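The values are calculated or read from the model by the stated rules, or taken from the named source; none is laboratory data. Bear in mind that the values here come from a model prediction, so they are computed numbers and not experimental data. Heads up, the Cβs are rebuilt from the backbone with ideal geometry, glycines too, and the neighbour counts pull from every protein chain shown. For accessibility, only protein heavy atoms count, side chains too; no ligands or nucleic acids. Shrake-Rupley method; radii C 1.70, N 1.55, O 1.52, S 1.80 Å.
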Amino acid sequence: MSMLIQIVIFVFLIMLVSGFVAKAALRGKRASGLMAGYVAVLFISVMLFLPIAEQREIAGEGLDTRTVDQESEQLQEAAQTGNLNETYLHERWRFDYGEDEIQVEASDNGGLSIYIEEKEENDNSVEAAYYQVPSTVEGQGVQNPNPLTLDLEGDTLVIGEPESLEVEYNVFDEPFPFHQFSDKKTMFATQQGLTLLYLRVPANLNVDTIENVTYVDEDVG
(Lines give C-alpha, C1' and ligand atoms only; values in the text may rest on other atoms or scores of the structure.)
Protein backbone atom coordinates (compact mmCIF):
# COMPACT_ATOMS: atom_id res chain seq x y z
CA MET A 1 0.00 0.00 0.00
CA SER A 2 1.49 3.32 -1.03
CA MET A 3 1.93 6.14 1.44
CA LEU A 4 -0.55 8.34 -0.45
CA ILE A 5 -3.28 5.70 -0.21
CA GLN A 6 -2.61 5.31 3.51
CA ILE A 7 -2.94 9.05 4.04
CA VAL A 8 -6.19 9.16 2.07
CA ILE A 9 -7.62 6.30 4.11
CA PHE A 10 -6.48 7.96 7.33
CA VAL A 11 -8.17 11.25 6.45
CA PHE A 12 -11.35 9.43 5.41
CA LEU A 13 -11.51 7.52 8.69
CA ILE A 14 -10.95 10.67 10.71
CA MET A 15 -13.82 12.35 8.88
CA LEU A 16 -15.96 9.28 9.52
CA VAL A 17 -15.16 9.28 13.23
CA SER A 18 -15.74 13.03 13.41
CA GLY A 19 -19.20 12.56 11.91
CA PHE A 20 -19.96 9.85 14.43
CA VAL A 21 -18.84 12.07 17.31
CA ALA A 22 -20.95 14.96 16.03
CA LYS A 23 -24.06 12.77 15.82
CA ALA A 24 -23.41 11.35 19.26
CA ALA A 25 -23.11 14.84 20.70
CA LEU A 26 -26.47 15.80 19.18
CA ARG A 27 -28.05 12.82 20.94
CA GLY A 28 -26.74 13.98 24.29
CA LYS A 29 -23.93 11.41 24.40
CA ARG A 30 -21.04 13.84 23.90
CA ALA A 31 -18.70 12.39 26.54
CA SER A 32 -19.03 8.75 25.51
CA GLY A 33 -18.88 9.72 21.82
CA LEU A 34 -15.67 11.69 22.25
CA MET A 35 -14.07 8.81 24.16
CA ALA A 36 -15.09 6.33 21.50
CA GLY A 37 -13.76 8.62 18.78
CA TYR A 38 -10.41 9.06 20.53
CA VAL A 39 -10.01 5.30 20.97
CA ALA A 40 -10.87 4.77 17.30
CA VAL A 41 -8.29 7.33 16.17
CA LEU A 42 -5.62 5.66 18.33
CA PHE A 43 -6.44 2.27 16.85
CA ILE A 44 -6.35 3.62 13.30
CA SER A 45 -3.02 5.37 13.99
CA VAL A 46 -1.47 2.09 15.12
CA MET A 47 -2.71 0.23 12.06
CA LEU A 48 -1.33 2.86 9.69
CA PHE A 49 1.89 3.60 11.53
CA LEU A 50 3.19 0.02 11.61
CA PRO A 51 3.56 -0.41 7.81
CA ILE A 52 4.99 3.12 7.49
CA ALA A 53 7.55 2.40 10.21
CA GLU A 54 8.51 -0.80 8.41
CA GLN A 55 9.09 1.16 5.19
CA ARG A 56 11.30 3.61 7.06
CA GLU A 57 13.38 0.81 8.51
CA ILE A 58 13.91 -0.76 5.08
CA ALA A 59 14.77 2.60 3.51
CA GLY A 60 17.26 3.29 6.29
CA GLU A 61 19.44 0.31 5.46
CA GLY A 62 22.51 1.25 3.49
CA LEU A 63 25.07 3.52 5.07
CA ASP A 64 25.40 4.39 8.74
CA THR A 65 27.54 7.06 10.37
CA ARG A 66 30.11 4.58 11.65
CA THR A 67 30.69 3.18 8.16
CA VAL A 68 31.18 6.69 6.75
CA ASP A 69 33.79 7.40 9.45
CA GLN A 70 35.63 4.14 8.77
CA GLU A 71 35.62 4.54 5.00
CA SER A 72 36.84 8.16 5.29
CA GLU A 73 39.67 7.11 7.58
CA GLN A 74 40.71 4.28 5.26
CA LEU A 75 40.70 6.64 2.29
CA GLN A 76 42.99 9.05 4.12
CA GLU A 77 45.38 6.25 5.05
CA ALA A 78 45.48 5.05 1.45
CA ALA A 79 46.20 8.57 0.22
CA GLN A 80 48.98 9.02 2.77
CA THR A 81 50.81 5.96 1.41
CA GLY A 82 49.94 6.51 -2.26
CA ASN A 83 47.90 3.29 -2.43
CA LEU A 84 44.55 4.63 -3.62
CA ASN A 85 42.18 2.49 -5.65
CA GLU A 86 39.09 3.50 -7.61
CA THR A 87 36.51 2.70 -4.93
CA TYR A 88 35.53 6.33 -4.32
CA LEU A 89 37.08 7.88 -7.43
CA HIS A 90 34.79 10.58 -8.81
CA GLU A 91 36.80 12.47 -11.45
CA ARG A 92 40.26 12.59 -13.07
CA TRP A 93 42.22 15.42 -14.75
CA ARG A 94 45.55 15.68 -16.56
CA PHE A 95 47.35 18.90 -17.49
CA ASP A 96 50.50 19.33 -19.58
CA TYR A 97 52.92 21.47 -17.59
CA GLY A 98 56.63 21.95 -18.22
CA GLU A 99 57.51 24.83 -15.87
CA ASP A 100 59.64 24.61 -12.71
CA GLU A 101 57.05 26.03 -10.32
CA ILE A 102 53.28 25.87 -9.92
CA GLN A 103 50.83 27.51 -7.54
CA VAL A 104 47.77 25.79 -6.12
CA GLU A 105 44.83 27.96 -5.13
CA ALA A 106 41.39 27.10 -3.76
CA SER A 107 38.39 29.37 -3.37
CA ASP A 108 37.33 27.40 -0.29
CA ASN A 109 38.89 24.11 0.76
CA GLY A 110 37.14 23.95 4.12
CA GLY A 111 36.18 20.28 3.92
CA LEU A 112 38.60 19.20 1.18
CA SER A 113 41.69 17.12 1.96
CA ILE A 114 44.55 17.67 -0.50
CA TYR A 115 47.42 15.21 -0.97
CA ILE A 116 50.43 15.74 -3.24
CA GLU A 117 52.68 13.00 -4.58
CA GLU A 118 55.95 13.77 -6.39
CA LYS A 119 56.59 11.40 -9.28
CA GLU A 120 59.95 9.75 -9.80
CA GLU A 121 60.24 11.15 -13.31
CA ASN A 122 59.70 14.55 -14.89
CA ASP A 123 56.99 13.79 -17.44
CA ASN A 124 55.79 17.41 -17.78
CA SER A 125 52.25 16.59 -16.60
CA VAL A 126 50.15 17.26 -13.53
CA GLU A 127 47.59 14.59 -12.71
CA ALA A 128 44.66 15.00 -10.32
CA ALA A 129 42.02 12.68 -8.94
CA TYR A 130 38.98 13.60 -6.87
CA TYR A 131 37.60 11.12 -4.32
CA GLN A 132 34.34 11.38 -2.42
CA VAL A 133 33.06 9.14 0.37
CA PRO A 134 29.25 9.40 0.42
CA SER A 135 27.68 11.18 3.34
CA THR A 136 24.75 9.66 5.22
CA VAL A 137 21.42 11.04 6.40
CA GLU A 138 19.20 8.71 8.39
CA GLY A 139 21.01 5.66 7.02
CA GLN A 140 20.77 6.68 3.36
CA GLY A 141 23.90 7.45 1.35
CA VAL A 142 24.13 10.88 -0.27
CA GLN A 143 26.73 11.74 -2.90
CA ASN A 144 27.03 14.99 -4.78
CA PRO A 145 27.13 14.09 -8.51
CA ASN A 146 28.90 17.37 -9.24
CA PRO A 147 32.70 17.18 -8.81
CA LEU A 148 34.77 20.17 -7.88
CA THR A 149 36.28 22.14 -10.77
CA LEU A 150 39.98 22.12 -11.57
CA ASP A 151 41.60 24.46 -14.09
CA LEU A 152 45.17 25.34 -15.02
CA GLU A 153 45.41 29.10 -15.50
CA GLY A 154 48.97 30.00 -16.49
CA ASP A 155 51.17 28.82 -13.64
CA THR A 156 48.24 28.38 -11.21
CA LEU A 157 46.13 25.30 -10.58
CA VAL A 158 42.75 26.66 -9.45
CA ILE A 159 40.46 24.47 -7.35
CA GLY A 160 36.80 25.51 -7.49
CA GLU A 161 33.92 24.44 -5.28
CA PRO A 162 31.51 21.83 -6.67
CA GLU A 163 27.99 22.89 -7.49
CA SER A 164 25.77 22.66 -4.43
CA LEU A 165 23.34 19.79 -4.08
CA GLU A 166 20.02 20.24 -2.28
CA VAL A 167 18.45 17.12 -0.85
CA GLU A 168 15.08 16.97 0.93
CA TYR A 169 14.17 14.25 3.42
CA ASN A 170 10.88 13.29 5.03
CA VAL A 171 11.24 11.50 8.35
CA PHE A 172 8.35 9.70 9.99
CA ASP A 173 8.00 9.95 13.74
CA GLU A 174 5.78 8.07 16.15
CA PRO A 175 2.35 9.66 16.57
CA PHE A 176 1.92 11.96 19.54
CA PRO A 177 -0.09 9.47 21.65
CA PHE A 178 2.93 7.11 21.60
CA HIS A 179 5.58 9.58 22.77
CA GLN A 180 3.66 12.25 24.68
CA PHE A 181 4.94 10.81 27.96
CA SER A 182 8.39 9.91 26.65
CA ASP A 183 11.67 11.84 26.77
CA LYS A 184 12.60 10.63 23.28
CA LYS A 185 13.48 13.42 20.85
CA THR A 186 13.48 13.21 17.07
CA MET A 187 16.78 14.11 15.37
CA PHE A 188 18.65 13.37 12.16
CA ALA A 189 21.60 10.96 12.21
CA THR A 190 24.04 12.51 9.73
CA GLN A 191 27.72 12.19 8.90
CA GLN A 192 29.73 14.07 6.27
CA GLY A 193 31.87 11.85 4.04
CA LEU A 194 35.47 12.75 3.19
CA THR A 195 36.26 14.66 -0.01
CA LEU A 196 39.85 14.33 -1.18
CA LEU A 197 41.96 15.70 -4.04
CA TYR A 198 45.07 13.71 -4.93
CA LEU A 199 47.72 15.46 -7.05
CA ARG A 200 50.68 13.82 -8.81
CA VAL A 201 53.29 16.33 -9.94
CA PRO A 202 56.54 15.96 -11.94
CA ALA A 203 59.78 15.32 -10.06
CA ASN A 204 61.50 18.45 -8.71
CA LEU A 205 58.48 20.67 -9.45
CA ASN A 206 58.26 23.39 -6.82
CA VAL A 207 54.67 23.57 -5.56
CA ASP A 208 53.55 26.79 -3.92
CA THR A 209 50.39 25.61 -2.26
CA ILE A 210 47.70 26.46 0.24
CA GLU A 211 47.50 25.38 3.88
CA ASN A 212 46.31 21.97 5.06
CA VAL A 213 48.09 20.06 2.30
CA THR A 214 49.67 16.67 2.99
CA TYR A 215 52.66 15.37 1.04
CA VAL A 216 52.57 11.65 0.30
CA ASP A 217 55.18 9.46 1.90
CA GLU A 218 55.23 6.24 -0.13
CA ASP A 219 57.61 4.65 2.37
CA VAL A 220 54.98 4.75 5.13
CA GLY A 221 53.37 1.38 5.82
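With the structure loaded, tell me whether GLU73 is farther than 22 Å from THR209 by Cα, among the acidic types (Asp, Glu) and open to solvent by 20 Å² or more (accessible area, probe 1.4 Å) or whether it fails that test. Steps first, please.
On the way: farther than 22 Å from THR209 by Cα: yes; among the acidic types (Asp, Glu): yes; open to solvent by 20 Å² or more (accessible area, probe 1.4 Å): yes.
For GLU73, the condition - farther than 22 Å from THR209 by Cα, among the acidic types (Asp, Glu) and open to solvent by 20 Å² or more (accessible area, probe 1.4 Å) - is met.
In the range 135-157, what count of residues is obtained for those that are open to solvent by less than 50 Å² (accessible area, probe 1.4 Å) and under 15 Å from GLU91 (Cβ atoms)?
Total meeting the criteria: 6.
What are the residues in the range 76-93 that are farther than 20 Å from GLY141 by Cβ and open to solvent by 60 Å² or more (accessible area, probe 1.4 Å), if any?
Selection gives GLU77, ASN83, ARG92.
Only one of these is open to solvent by less than 30 Å² (accessible area, probe 1.4 Å) and modelled with pLDDT under 95: VAL126, VAL68. Name it. Before you say what the answer is, go through the steps one by one.
Numbers: VAL126 fails: modelled with pLDDT under 95.
That would be VAL68, the only listed residue that is open to solvent by less than 30 Å² (accessible area, probe 1.4 Å) and modelled with pLDDT under 95.
Among the residues of the range 66-90 satisfying the criterion of being in a helix (DSSP H, G or I) and among the β-branched types (Val, Ile, Thr), which is nearest to LEU197 (Cα to Cα)?
Applying the first criterion (in a helix (DSSP H, G or I)) to the range 66-90 yields 66-81.
Now narrow it down to the ones that are among the β-branched types (Val, Ile, Thr): 67-68, 81.
Working: THR67: 21, VAL68: 18, THR81: 14 Å.
By that ranking, first place goes to THR81.
Kindly establish whether SER45 is surrounded by 16 or more Cβ atoms within 10 Å (Cβ to Cβ) and modelled with pLDDT under 75. Write out each step before concluding.
On the way: surrounded by 16 or more Cβ atoms within 10 Å (Cβ to Cβ): yes; modelled with pLDDT under 75: yes.
Answer is yes for this residue.
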